[in-house]
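Here the structure is laid out as structure tokens; the discussion comes afterwards.
The values are calculated or read from the model by the stated rules, or taken from the named source; none is laboratory data. This structure is a prediction, so every number in the text was calculated from the model and none was measured. Here the Cβ positions follow ideal geometry from the backbone for every residue, glycine too, while neighbour counts run over all protein chains shown. For accessibility, only protein heavy atoms count, side chains too; no ligands or nucleic acids. Shrake-Rupley method; radii C 1.70, N 1.55, O 1.52, S 1.80 Å.
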Amino acid sequence: MLLDLAEDIVRTKGAASLTIEALARTAGITKGGVQYTFASKAALIESIGTRWLSRYEELLEHHVGPAPTPVERVKGHVAATFEDENSADGKAAGVMTMLMQTPEFLQGTREWYRDKLENVDTTTSEGRMARLAFLAAEGAFYLRFLRLMEIDDAQWAAIYQDINVQLLER
């Protein structure tokens, strides 16, 4: 419940608004009650990121199974990005919070992204298309969920279809 409220604060009021005090007020509990669960703001932010990663990994495995090829993993990432609205909101909240307020988490985020394309063979056409699909999905995600561009549900579905048809099903 506290993590849901924390993500909601970030989504609706921005990352700078996420404080232990704001979370306590939103939850209707004392600041000490929040600190009992999260010893610090950094621990709260880390929990948001960990929660999102757990959701993401479950959804990814649902799409690709336990031992995907690098290209299958990218295809699964694209599907997971466009499929799960709740996970996407959590991702936006988690990434925004971690990067905007705690630069020390930037390295972990860079490693996460590097891992997504690390073994994709970009000397092949399939690998290059997978890389483009990954980058297109991430770009669309950030444009929509950081509200930099209005993308309604129909457009979102069409973008997913375009990425699949133009880049992944060639």
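Within the stretch 149-164, being of a type in the set (V, I, T) and at pLDDT below 95 holds for one residue alone: I151. Listed by first and then second residue, the pairs linking a residue in the stretch 58-74 that is without any contact (Cβ under 8 Å) to a residue 24 or more places away in the chain to a residue that is open to solvent by 80 Å² or more (accessible area, probe 1.4 Å) and not in a helix (DSSP H, G or I), with Cβ atoms under 9 Å apart and 6 or more places separating them unless they lie on different chains, are T69/N119.
Restricted to the stretch 100-170, the set of helices (runs of 4 or more DSSP H) holding at least 2 residues that are closer than 30 Å to I45 by Cα and without any contact (Cβ under 8 Å) to a residue 12 or more places away in the chain comprises 106-117, 125-145. In the condition set (1) within 18 Å of L60 (Cβ to Cβ); (2) out of contact with any Leu (no Cβ under 7 Å at 6 or more places or on another chain), T124 is compliant with all but (1).
Only one of the listed residues (E57, E46) is closer than 23 Å to A133 by Cα and open to solvent by 30 Å² or more (accessible area, probe 1.4 Å). That residue is E57. Taking the criterion of being modelled with pLDDT under 90, open to solvent by 60 Å² or more (accessible area, probe 1.4 Å) and basic (K, R), the only residue of the stretch 117-148 that qualifies is R147.
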